[in-house]
1. Might you let me know whether the stretch A:819-833 holds any residue that is without any contact (Cβ under 8 Å) to a residue 24 or more places away in the chain and either surrounded by fewer than 17 Cβ atoms within 10 Å (Cβ to Cβ) or assigned to a helix (DSSP H, G or I) (or both)?
2. Do we find a residue being assigned by TED's automatic domain parsing to the domain that holds residue A:1011, within 30 Å of residue A:43 (Cβ to Cβ) and more than 15 Å from the chain's Cα centre (by Cα) anywhere in the stretch A:875-882?
3. Farther than 24 Å from residue A:792 by Cα and in a helix (DSSP H, G or I): does that describe residue A:1075?
4. Hey, any hits in the stretch A:408-419 for a residue that's at pLDDT below 85 and touching a strand residue (DSSP E or B) at 6+ places or on another chain (Cβ under 8 Å)?
5. Just the residues that are in a loop (DSSP other than H, G, I, E, B), touching a helix residue (DSSP H, G or I) at 6+ places or on another chain (Cβ under 8 Å) and within 16 Å of residue A:878 (Cα to Cα), please, taken from the stretch A:957-988.
6. Residue A:535: in contact with a strand residue (DSSP E or B) (Cβ under 9 Å, 6 or more places away or on another chain) and closer than 30 Å to residue A:984 by Cα, yes or no?
7. Could you tell me whether residue A:797 is farther than 23 Å from residue A:1062 by Cβ, part of a helix (DSSP H, G or I) and either touching a helix residue (DSSP H, G or I) at 6+ places or on another chain (Cβ under 6 Å) or within 14 Å of chain B (Cβ to nearest Cβ) (or both)?
8. If the requirement is being assigned by TED's automatic domain parsing to the domain that holds residue A:856 and under 22 Å from residue A:878 (Cβ atoms), which of these qualifies: A:1008, A:996?
């Protein structure tokens, strides 16, 4: 018979035994391939979702400020202009739904599908995701719209401190479907809540006619170069005004106003300029004004639509001017509350513009040698400061530029009078200051409508006269450097740049040359005017996200090991039954290696069949796993996202890995059997020295005690490890040591059990006989018990990792998180901020004044007891465990310096080399130094893939920050925390605060929630207890742990199945013994009890060892949560019952055989 | 006084071609203290008779009366009790429990029921005595693997006598032993039975061994015939 025939005969004859072993491999393959398939399916689902959110769009441009929507015209491919704003929706019942994208679009947005039927209709078009979130087919919506990034910075002195935008109410015109119905401009996967309106409508709503702030493109070739060529200075937020355009502007705007054109014009035009342009009785025409400007105000004015020009922008403009061969001068103006004499009789002039600039002929007054502390005073009629001598000291009192909402005067700046300037030429140019509606368009100072406090009683008649004649022409000049020191900041360094027009050239020619030069000098990326490859970024985010395949492979490791151990056991049992066959082969001259290869070949076939079946079975197992993941994931929207996708490669890889592992297990299982002597095998001896006699166990006990001691030391010391993974890891390792000690003790006990006497003086002789029976095959018993012990250990020990944030008990603890779509612009910690809150409460009850007053008082008392911490917020990408992809621009929050304490930020790990308290480390970052961030440990590790000490880019400018610390269960589970000063340097255009943290006593939390939800409803605030927010992210970890436990439970059941098979096999082997007992007069029930006791001994030893080891480890860590106790107990009980039933079944089966036959077969 | 009465016991085994008769009507009576050898060719039904008498097999018809008890009328628990208290078996392959010592093996029938401490002490004393009497007094703590074939069979004999059975059935107890050991075990059996006043039926192929017994029968065509 050839070897091949032997193998074939072996497979055929022992098919049943091999089938059982193949099942073990199949389970391992199914789980292995299943984990890989899960990872693949998840990746595919996330990819599909990410790409689904893009529709036809490959590239997106999102600018800092609105630009011309017409920029989209003429670009290659499909390019759609969009006006995007954040929004929130108030739903029935008064709750607010945030994170809504409101987009104004035109027909190009809808791509080849075209707009939906009924477009544009009248009202909002919403998508299915928003419809599902709102529920119940809402017919009308009330939407609060966030800022669109236009106008002066709202936190600046001249910004609108509070957004006066009323909610936008309109009917729901229809539900979007088609390719672009899930579009989202922000990164991420999952549902996108979208509201779409016609572009023109949103432009009108946001006062941005003809503007867009984003472009969507399909990535046609040449897009970047075409965009570069199409971008104008205006798209960067620059306003370029020539003499003629200034004149034309004035006239065109005037004619639009009510009242006569002439009075409107003169409301805007300084009298001095009117006289110069038109003369006393001359015709008032745009041409004459233009002539005047061209002659006496011969410059191109470069200003910003956002009032301030950044230093980079100023530098670009000046470089462009230099390239064009024309002079330039930057100007920074500010309104001084007073310019006052320090000594003497304290003369002062109120509410005067002070300009900081450089002396450039033809552009600015001749102010030279001012130095850093010099001031030049403009001598105007009736000025109280006209006769100030040189070197007199003046104070300039002012509100800081960044004053928004609650301006407090800065420390006065002192200057020495260095010069008096005649009131002529550029010194009296009102255009030194940019136009500001409400101020520069008012004929009198008394008519000013300013967003900051002014005391009009200080305005004297001569001040009004000046205003009438010269409007905002500065009354004093300081050096450019001095102005930078006082008023330059994150909003910008200048309010305009003046570009000279050569005498021989027309303004239009100079403008043309300037525009050409600006094209080269203005950096598109500084304004966000670059396309980002959104499709590639989305795919990278998915690819770099959580590797669920490897994660679930880790979760499944135990069940895979259990399956392989079972395979080895079953194959071994099968071989032991063929011991005589093996002995015969060896006796007739087969070498050990030949014999090994024969059975290895059989085993390989078994493994092959098993791995193939298992790989196929993974196509059933994986959807079940996906369903479990969907059901247990804290974010229900994931369920709608996940789709099973068949990946033959993953299945093949899983099958192959299982095959290899199965073959290795089989090799290990038969290794010693093949080496045995032929005679012993022929006699049926299948183990090298069955333990039927007493064996030394002293060293075994010693090893067990020492190991247990090591575990106890580690368990005692673990509470002192850093919180988070180090501490949990310490307890887990201690538990593993206890488990190892338990198994060592079990091994020693098995050896000792054989010595337990079964004499008259022995109690429970049947139990002792059962124990001795279980100890006869110590290796087999230990493997079985060890499987059960490991599984039960994992099930229980993993509980230690479950985390749940608890509501605060401390009155000073952070308790509430409020996040808004429309930022709070007035610091809620200030008197003005508090007043704004109380006013908002009172407005809610405006129909019931008594109730409004009562509510206001109650709210005021509450505000006295709590403290608010406003946080800046930038970035859209969730940096928390609910995000399955890696965010490209993670959310970053910043708290005011000193507002967070060490207790607020529990640290798990820190960057080496700095022992400063974390809040100080984040706050005190020197300008130019790398910003520091802290993040939740699990998010840093699993989502951002960073550790303390690593650097990462967090914004489109690719500024790098360094991770200073990882937090453990901190208040920022989905964002990075930065110091405010570093934040404002990195995100200078951020307006206001979109998040507010509240410190409150536990008893005040419900009232705080109600207060803030009411007060900030119009800002789209979502206000939640902080503990709920943190628990939402901890639930992710608990979901992973639940999966681990579920798979561990499966492993336990597999181990129990293994035990059952071992028992069945053992009983079958000993059927002769059992028959003997029957012959000796043992009742069937007593024989069954004996077998039951054997299986119970193994079960209890295994489950008990694992459970006790785990409990010893986790109890110092906080023990097992009550909620999980029933589930755990049920699982362990199920295994115990299954094992006992297996014992009963095996005993019953063994006793079914005729006693005599059993005795004969045993002979 | 007739302690064992067997009347017209019939037993057939099922086969594909139809039932195969093995016992065609066994009649037998025995008194306490009697020993009987049963010989016959292989397959003649000798062991089957022993199994039926020992309540390890049920007869198809006929009656067995041992001290007034008919085992065919007993349920499985009562049958087990019957075997435990009335019957002692000695098998050809001794069937000692390998994980128990010689003393424990002899004690093993005693664990079939819960016994009081006094009973257990008495049983242990009897075990030691029996082992002493079979010549294994110095091997009490040895495992079966350490004994020779003859010694193991002697231990089996002692086990069979632990609970003072009324009927001892030995199926080829010397079949695996050399001539000297076989005779020794056979004589041992006879002596112990005489001392215990029990009944003994031994199945043997050896006419020499059979010759040691006062009563000898031969199985022929499923019936007992004097040898």
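The values are calculated or read from the model by the stated rules, or taken from the named source; none is laboratory data. These numbers were taken from a predicted model, which means no experiment stands behind them. Quick reminder, even Gly has a Cβ in these numbers, built from the backbone with ideal geometry, and neighbours come from all protein chains shown.
1. Going residue by residue through the stretch A:819-833, those that are without any contact (Cβ under 8 Å) to a residue 24 or more places away in the chain are none.
Within the stretch A:819-833, none of the residues are without any contact (Cβ under 8 Å) to a residue 24 or more places away in the chain and either surrounded by fewer than 17 Cβ atoms within 10 Å (Cβ to Cβ) or assigned to a helix (DSSP H, G or I) (or both).
2. Kept after step one, since they are assigned by TED's automatic domain parsing to the domain that holds residue A:1011, are these residues of the stretch A:875-882: A:875-882.
Filter once more, so that each one left must be within 30 Å of residue A:43 (Cβ to Cβ): A:875-882.
Within this subset, residues satisfying the condition of being more than 15 Å from the chain's Cα centre (by Cα) are none.
Checked the stretch A:875-882: no residue is assigned by TED's automatic domain parsing to the domain that holds residue A:1011, within 30 Å of residue A:43 (Cβ to Cβ) and more than 15 Å from the chain's Cα centre (by Cα).
3. Values: farther than 24 Å from residue A:792 by Cα: yes; in a helix (DSSP H, G or I): yes.
Against the criterion (farther than 24 Å from residue A:792 by Cα and in a helix (DSSP H, G or I)), residue A:1075 qualifies.
4. no
5. The initial filter retains those residues of the stretch A:957-988 that are in a loop (DSSP other than H, G, I, E, B), namely A:957-959, A:968-975, A:987-988.
In the following step, the residues that additionally are touching a helix residue (DSSP H, G or I) at 6+ places or on another chain (Cβ under 8 Å) were identified as A:957, A:959, A:968-971, A:973-974.
Across the stretch A:957-988, the qualifying residues are A:970, A:971, A:973, A:974.
6. Working: in contact with a strand residue (DSSP E or B) (Cβ under 9 Å, 6 or more places away or on another chain): yes; closer than 30 Å to residue A:984 by Cα: yes.
Spelling it out, residue A:535 is indeed in contact with a strand residue (DSSP E or B) (Cβ under 9 Å, 6 or more places away or on another chain) and closer than 30 Å to residue A:984 by Cα.
7. Numbers: farther than 23 Å from residue A:1062 by Cβ: yes; part of a helix (DSSP H, G or I): yes; either touching a helix residue (DSSP H, G or I) at 6+ places or on another chain (Cβ under 6 Å) or within 14 Å of chain B (Cβ to nearest Cβ) (or both): yes.
Answer is yes for this residue.
8. Details: A:1008 fails: under 22 Å from residue A:878 (Cβ atoms).
Being assigned by TED's automatic domain parsing to the domain that holds residue A:856 and under 22 Å from residue A:878 (Cβ atoms) holds for just one of A:1008, A:996, which is A:996.
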